[in-house]
Amino acid sequence: MSTTLPARNLINGEWSDSGSVHESINPSTGEVVGTFVSAGRAEAEAAITAARTAFDTTGWSRDASLRSRALNELADRVAERLPDMARTLARENGKLLAQTTWEVTLSVEWLRYSAAAALMQIAGRAAEPTPGLYFHSSPEPMGVAGIITPWNSPVILLVRALGPAIGAGCTAVLKMPGQTALTNTLFAEAVAATESLPPGVVNLVTEAGNEVAPLLVESADVDVLSYTGSTHVGRAIAAAAASTLKRANLELGGKAPLVVFDDADLDVVVPQLVTSSIAMNGQFCCTGSRVLAQRGIADELRARLAAALETVKVGPAEDPSSQLGPLIDKASVARVDKIVEDAVDYAKVIVRGGPVTDSELAGGAYFRPALLEMERLDVPLVQQEVFGPVQTFEIFEDEADAVRRANATEFGLAAAVFTADDIRARRVARDLRFGSIWLNTWGVMSEHFEQGGVKQSGYGMLCGPSAITEFQTLKAYSTAAPHPA
């Protein structure tokens, strides 16, 4: 695939060709799939101005019916582009075509949920707590939302924030990653084709550098931020946002433990553990990067998991037979391989994995799955996010030991518990300090229920009824009635 014109930015309802031109690379092959215009500070300032003007001078923020209609229409426009968007995303970030198709399909559903929420989340409270004193409160949009989206799941992670933001009545500036520029432009085309969206309500800029995101954080004209990405960057955003006291919603890194008790059905568990490691090529904040096995089944689970990981078929994202696609680039392959190599000093190698050197895949950024066993908890492979198909294998004795080991990380995004005992599953889940807990499964999610982390995995919730409140503030009114004569 190749495009003749660079992918562009959408600012105030108009296409912008301003900016430097860069290439989009297919990590499955190393080939150029197209070019894009990268936004800089000038384009970001124009996008912020457009969003501010749209919020301050139009009736968008006060018309919930219009917002609901626009979100449903945007869902229609994305659905029309679903095959192209899924195929383009597979070529740009290397996720398997089945996974990118799922991502775009789910994005349509989440937009429709936000359309419904836009109509439901408009009521406040009213009361007369003291005779003659009347109070009521109502939610209002915060203003301009800056949304910063990563490359690993850019469509669904964009929609997860954009839907509730504009459903709440905010206008938005979307800072999208350069690695998925062509996909970003397809989404921008859907925005431009949504007639119910006034110009300036949604502005989308793609950036190869690092000028737009800091401006969104620092600008006094941006009232609320939503960021999905690394904990390191999230901390910097939180610190910088303090200068304007803007609210920030942050979903950051993860190190998900998968706790397997000795009564679990390994025929069910092993495929789930493998999937948790290789889904999205291991480049997922909820990747099942830590397997915690109770001693009674540890030997069998270790052997079965190793055998399964060694037979994973690595290949191009668009090949239906591929089970694991490439990492985002070859620099990531070298980075992940160095992490595994360094871990040999403190861990036992079960499956080494590593860079793929097969001639037919030489152009791509492929890394075979790795599995390493360890006892220590104070080591990088347990404590740091890898962002690649690398799992650790740890043994625990009982419930208390499982909880202790699982919680022994600064991250708190997601975890899973596998056991035939429902009461034990709930008891252990209660004691795990993670925002999402899966019981006898992994990776399931719904637009109807919140997602978010604790500890160094961030704060704030997206999806579910709480999501829209991340972009709203409450205004309170009071009336004192005169006493009758």
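The values are calculated or read from the model by the stated rules, or taken from the named source; none is laboratory data. Because the structure is predicted, anything quoted here is derived from the model rather than measured. Glycine also receives a Cβ, built like all others from the backbone with ideal geometry; neighbour counts cover every protein chain displayed. Side chains included, ligands, DNA and RNA excluded: accessible areas come from the protein's heavy atoms. Shrake-Rupley method; radii C 1.70, N 1.55, O 1.52, S 1.80 Å.
Brief remarks on what is shown
- 10 Å binning of all Cα-Cα separations within segment 295-349, expressed as whole percents from 0 upward: 19, 32, 38, 11, 0
- Value of [θ]222 nm, deg cm²/dmol, for the chain, DSSP H segments ≥ 4, -39500 (n - 2.57) each, nearest 500: -11500 deg cm²/dmol
- Cα gyration tensor shape for segment 344-403, rounded if a/c is under 1.5, else prolate or oblate: prolate
- Alpha-carbon centroids, segment 24-101 and segment 295-361: separation in whole Å: 32 Å
- In a fully extended conformation the segment linking D262 and A408 would gain 50.4 nm over its present Cα-Cα distance, using 0.36 nm per residue.
- The heavy atoms of Y477 present about 90 square angstrom of accessible area, all protein chains included, probe 1.4 Å.
- Per residue, the convex hull spanned by the Cα atoms of segment 200-242 amounts to 90 cubic angstrom.
- For the set T357, T231, solvent exposure ranked by accessible area (probe 1.4 Å, protein chains only) runs largest to smallest as T357, T231.
- Translational D in µm²/s for segment 272-406 (Stokes-Einstein at 25 °C, 0.890 mPa s, Kirkwood Rh from C-alpha pairs): 162 µm²/s
- Against the rule of thumb 2.2 N^0.38 Å, how large the Cα Rg of segment 110-178 comes out: 1.52
- Other residues whose C-beta falls under 14 angstrom from the C-beta of E43 contribute a net charge of -2, scoring Lys and Arg +1 and Asp and Glu -1.
- Segment 271-326: Cα Rg divided by the 2.2 N^0.38 Å rule of thumb: 1.23
- Projected onto its three principal axes, the C-alpha set of segment 383-485 covers 78, 33, 24 Å, listed from the longest axis down.
- Between R427 and E341, the C-beta separation translates, for a Förster distance of 45 Å, into a calculated FRET efficiency of about 0.70.
- Kyte-Doolittle at least 0.5, axis length at least 27 Å by Cα - qualifying DSSP helices, the chain: 97-120
- Segment 400-421 versus segment 440-485: alpha-carbon centroid distance in Å: 26 Å
- The GluC sites (Glu not before Pro) found in segment 1-53 that occupy coil by DSSP, while having at most 15 further C-beta atoms within 10 Å, are E31.
- The local environment of P27, defined by Cβ-Cβ distances under 11 Å, has a net charge of 0 under the rule Lys, Arg +1 and Asp, Glu -1.
- Estimated distance in nm for a label pair at T130 and S466, the labels positioned 7 Å out from Cα along Cα-to-Cβ: 3.4 nm
- Lysine pairs meeting the criterion (Cα under 18 Å, 8 or more apart or interchain), as found in the chain: 7
- Beta bridges per DSSP with both ends in the chain, % antiparallel, nearest 5: 40 percent
- With the simple spin-label model, which puts each label point 7 Å out from Cα in the Cβ direction, the E14 to K475 separation comes to 3.1 nm.
- Taking the inverse of the mean 1/r over every pair of distinct Cα atoms in segment 1-96 gives a Kirkwood hydrodynamic radius of 15.9 Å.
- Net length gained if the chain between L439 and S137 were fully extended (0.36 nm per residue, minus Cα distance): 104.8 nm
- The C-alpha atoms of the chain occupy a region whose extents along the principal axes are 83, 63, 38 Å, arranged from largest to smallest.
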